[in-house]
Amino acid sequence: MNIQVLPEHKLSSVAPLKQFNVEKKEVELILVKEQNGVQYTNSSVVASPSSRGCTPGSAEDVARETWGKKMDFLLSVIGFAVDLANVWRFPYLCYKNGGGAFLIPYVLFLFIAGMPLFYMELALGQYNREGAATVWKICPVFKGVGYTVIIIALYVGFYYNVIIAWSLYYLFASLTSELPWLKCNNPWNSPNCTEPQHINGTVLGNRTSYAKRGVLHIHESRGIGDLGLPRWELAVCLIVVVFILYFSLWKGVKSSGKVVYVTATMPYIVLLVLLIRGITLPGAMNGIRAYLHIDLKKSQIPTQIFYSLGAGFGVLIAFASYNKFENNCYRDAILTSTINCVTSFFSGFAIFSVLGYMAHQHQVNVKDVATDAGLVFIIYPEAISTLPGSTFFAIVFFIMLLTLGIDSSMGGMEAVITGLSDDFKILKRNRKLFTFIVAFGTFLIALLCITNGGIYVLTLLDKYAAGTSILFGVLIEAIGVAWFYGVDRFSEDIERMTGFKPGIYWRLCWKFVSPTFLLFVVIASIVTSGELRYDDYVFPPWSNTVGWFIALSSMLCVPIYAIYKFLILPGTFKEVSKHTRVNFQQIPCFNLIIH
């Protein structure tokens, strides 16, 4: 057999070495077999025993699927990070928490927590080329946090797909010459319904909400203990959403990378159309002034930046694991996180210009129309309905919501699929079937959220499934990378990929600033967790117990797996040291655990 010896810097297609940092390598023969009369060989580049770093270069890595184009990856990350919260929650939180004053701590925490963690996850996934669970081959004792984020991503899919189904339902309802929420002659209207032009004093007056009665039928439920059967109209919309997700993901990033060219770009076109129309309306500037009004007394810690960027769901790790090894993940992190935050800020102008117009029309203050729960599905649709050409604007608005939700949900499902497929190879070999099982499984649980009392189930999941638990997961993730795997070692990994080490700013954030911020936020979220409400409905005490059980079901994966590794499996310390090259005797906090 003739083996062609390549120059040292070309030996590995996974981890090409930079000329300025060439280390002595050896070629290791991994597999020699004969099949159908043809011999197959696979080899990898391994570091010499004296090498400090650990460069991945297995035969499996060579065969790993990659994005068709760099733009596929960028649009997928942007599409996941820019979701419904960017046009729904951020503008409202900015307005409620001091307007322009909110932007000061928002930008601060973007730089000290949001962006560093975003960068960390992209680098972690790209270097190790694994999903959220198996990426912890760098420090196996922390593999439990991988399962934590996978479970959280799965939980989010149970209710997030329902919100997308609402958007689809509204889109179908908008395909008419007269929007259904304009009149009082519908069977779901209450007896005291009044037409929009008679509104006086408050934004809705005594008119019944289309969202609550026409879509959710919440008036037919007495609470979370009285759900009823799933509504067939929403069930059909949910099925359509699930099938869109399945056929977008079943072939991996080769298929999902093409879908995002539509789903990730469409929202920007629609936002631009809505903004241009909005600023031309009377009263628009009143809405924008209310949006940006500076009130230092109301300014609060903007944990929204953390949820907005999407760190901690395993999605960024999964997406980055399909990158080429030498991809500049630092530039990607800066670019995509900046686009996400600018989109949030920009969307506020489109939203509040229309809300200012609505307040002007009804002769009320902007604060009377700017409400959190009803901003997207109650207030904004009603505002659109008063515009000339309301049907057109309603259609494009709900197309925007639909595309915003689809690519974010695609990211969450990809995190689950990639994370478990990398851990269990049988799932990877049967990706299409596994993707269908995940999609269909989320559909079955989501049926609880489209019953008459489904909004209560959705509210419960929204608070507990990805609240404190996701903050906890990223905190442990940051500690595992920065303190156990080591910031210096992690920086060397990034240098092997990009050719340069992260600066002192990033290393300080990873090791000290970001974990401290996350610890503070985790404690604050637990301490300030009060009774659960939806409008005037107060959830019974047992529902909060169920909620904390849901949160703990993912969080407990961290200690349970650690106990499993240390107390049940022999030689765990040697295994951890082998993968991480950590001398545990030199880690004070670990000595406490050992002794």
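In region 108-146, which residues are among the aromatic types (Phe, Trp, Tyr) and over 20 Å from Tyr561 (Cβ atoms)? Of everything in region 108-146, those that are among the aromatic types (Phe, Trp, Tyr) and over 20 Å from Tyr561 (Cβ atoms) turn out to be Phe109, Phe111, Phe118, Tyr119, Tyr127.
Of all residues in region 532-545, how many are part of a helix (DSSP H, G or I) and either surrounded by fewer than 14 Cβ atoms within 10 Å (Cβ to Cβ) or of a type in the set (D, E, K, R) (or both)?
So in region 532-545, the residues part of a helix (DSSP H, G or I) come out as 541-545.
Checking which are either surrounded by fewer than 14 Cβ atoms within 10 Å (Cβ to Cβ) or of a type in the set (D, E, K, R) (or both) leaves us with 541-542, 545.
Residues meeting the conditions: 3.
Pairs are defined by a Cβ separation below 7 Å, a sequence spacing of at least 6 or placement on different chains, a first member in region 338-360 that is touching a residue at least 40 places away in the same chain (Cβ under 8 Å) and at negative phi, and a second member that is surrounded by 23 or more Cβ atoms within 10 Å (Cβ to Cβ) and not in a helix (DSSP H, G or I); the pairs so defined are Asn340/Val82; Thr343/Val82; Leu355/Val369; Leu355/Ala370; Met358/Val369; Ala359/Val369. The single residue among Ile269, Ile276, Ile224 that is within 24 Å of the chain's Cα centre (by Cα), closer than 30 Å to Gly411 by Cβ and at pLDDT 90 or above turns out to be Ile269.
Is it fair to say Ile494 is open to solvent by less than 30 Å² (accessible area, probe 1.4 Å) and either among the polar types (S, T, N, Q) or in a helix (DSSP H, G or I) (or both)? Answer is yes for this residue.
Scan region 196-218 and tell me whether some residue there is at pLDDT 90 or above, assigned to a helix (DSSP H, G or I) and not aliphatic (A, V, I, L, M). Scanning region 196-218 turns up no residue that is at pLDDT 90 or above, assigned to a helix (DSSP H, G or I) and not aliphatic (A, V, I, L, M). From the list Thr371, Thr336, the lone residue that is more than 30 Å from Arg496 (Cβ to Cβ) and either β-branched (Val, Ile, Thr) or at pLDDT 90 or above (or both) is Thr371.
Listed here are the residues, each with its yes/no results for (1) open to solvent by 30 Å² or more (accessible area, probe 1.4 Å); (2) at pLDDT 95 or above; (3) in contact with a Pro (Cβ under 9 Å, 6 or more places away or on another chain).
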site	(1), (2), (3)
Ala466	no, no, no
Ile504	yes, yes, no
Arg507	yes, yes, no
Thr516	yes, no, no
Ala524	yes, no, no
Gly530	yes, no, no
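Selection over region 35-72 of residues that are part of a helix (DSSP H, G or I) and at pLDDT 75 or above gives a count of 3.
With the condition kept exactly as written, say whether any residue in region 166-178 is among the small types (Gly, Ala, Ser), modelled with pLDDT of 80 or more and part of a loop (DSSP other than H, G, I, E, B). Yes - at least one qualifying residue is present in region 166-178.
Name every residue in region 510-556 that is of a type in the set (Asp, Glu) and free of Cβ contacts under 8 Å to residues at least 60 places away in the same chain, in order of residue number. If you could, list the steps in order and put the result at the bottom.
Let us first name the residues in region 510-556 that are of a type in the set (Asp, Glu), namely 531, 535-536.
Across region 510-556, the qualifying residues are Glu531, Asp536.
Does Glu575 satisfy the condition of being over 26 Å from the mean Cα position of the chain (by Cα), of a type outside the set (Gly, Ala, Ser) and at pLDDT 95 or above? No, not satisfied. Residues in region 239-255 that are under 12 Å from Phe434 (Cα atoms) and open to solvent by less than 70 Å² (accessible area, probe 1.4 Å): Tyr246, Leu249, Trp250, Gly252.
A quick yes/no check of all residues on (1) in a helix (DSSP H, G or I); (2) aromatic (Phe, Trp, Tyr); (3) within 20 Å of Tyr330 (Cβ to Cβ):
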residue	(1), (2), (3)
Leu460	yes, no, no
Lys463	yes, no, no
Ala466	no, no, no
Val481	yes, no, yes
Trp510	yes, yes, yes
Val513	yes, no, yes
Val521	yes, no, no
Ser525	yes, no, no
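Residues in region 424-440 that are open to solvent by less than 30 Å² (accessible area, probe 1.4 Å) and touching a residue at least 24 places away in the same chain (Cβ under 8 Å) were compared, and the one that is nearest to Tyr147 (Cα to Cα) is Val438. The conditions are (1) closer than 26 Å to Glu492 by Cβ; (2) of a type in the set (A, V, I, L, M); (3) open to solvent by less than 10 Å² (accessible area, probe 1.4 Å), and Leu335 fails exactly one of them. Which is it? Tallying (1) closer than 26 Å to Glu492 by Cβ; (2) of a type in the set (A, V, I, L, M); (3) open to solvent by less than 10 Å² (accessible area, probe 1.4 Å), Leu335 fails exactly one: (3). Residue-level analysis places Val262 outside the set of residues that are touching a Leu at 6+ places or on another chain (Cβ under 8 Å) and either surrounded by fewer than 18 Cβ atoms within 10 Å (Cβ to Cβ) or in contact (Cβ under 8 Å) with a residue 24 or more places away in the chain (or both). Of all residue pairs spaced 6 or more apart or on separate chains, those with beta-carbon atoms under 9 Å, a first member in region 266-285 that is under 9 Å from Val354 (Cα atoms) and a second member that is open to solvent by 30 Å² or more (accessible area, probe 1.4 Å) and modelled with pLDDT of 90 or more are Leu275/Phe346; Leu275/Phe349; Gly278/Phe349; Ile279/Met285; Ile279/Phe349.
Can you confirm whether region 344-365 contains a residue that is outside any loop (DSSP other than H, G, I, E, B), open to solvent by less than 50 Å² (accessible area, probe 1.4 Å) and closer than 21 Å to Ile112 by Cβ?
If we filter region 344-365 for residues that are outside any loop (DSSP other than H, G, I, E, B), which is where we start, we get 344-362.
Of the ones still in play, those that are also open to solvent by less than 50 Å² (accessible area, probe 1.4 Å) are 344, 347-359, 362.
When the remaining residues are screened for being closer than 21 Å to Ile112 by Cβ, the result is 344.
Taking every residue of region 344-365 in turn, at least one turns out to be outside any loop (DSSP other than H, G, I, E, B), open to solvent by less than 50 Å² (accessible area, probe 1.4 Å) and closer than 21 Å to Ile112 by Cβ.
Those helices (runs of 4 or more DSSP H) of region 73-133 that lie entirely within it include none in which at least 1 residues are free of Cβ contacts under 8 Å to residues at least 12 places away in the same chain, among the β-branched types (Val, Ile, Thr) and buried (at least 21 other Cβ atoms within 10 Å of the Cβ).
Remark: Leu460 falls outside the filter, which requires a residue to be surrounded by fewer than 16 Cβ atoms within 10 Å (Cβ to Cβ) and under 20 Å from the mean Cα position of the chain (by Cα).
Scanning region 177-193 for residues that are open to solvent by less than 30 Å² (accessible area, probe 1.4 Å) and hydrophobic (A, V, I, L, M, F, W, C) gives Leu179, Trp181, Cys193.
The values are calculated or read from the model by the stated rules, or taken from the named source; none is laboratory data. Source: prediction; values computed, not measured. Ideal geometry is used to build each Cβ from the backbone, glycine not excepted, and the neighbour counts take in all protein chains shown. Only protein heavy atoms, including side chains, enter the accessible area calculation; ligands, DNA and RNA are left aside. Shrake-Rupley method; radii C 1.70, N 1.55, O 1.52, S 1.80 Å.
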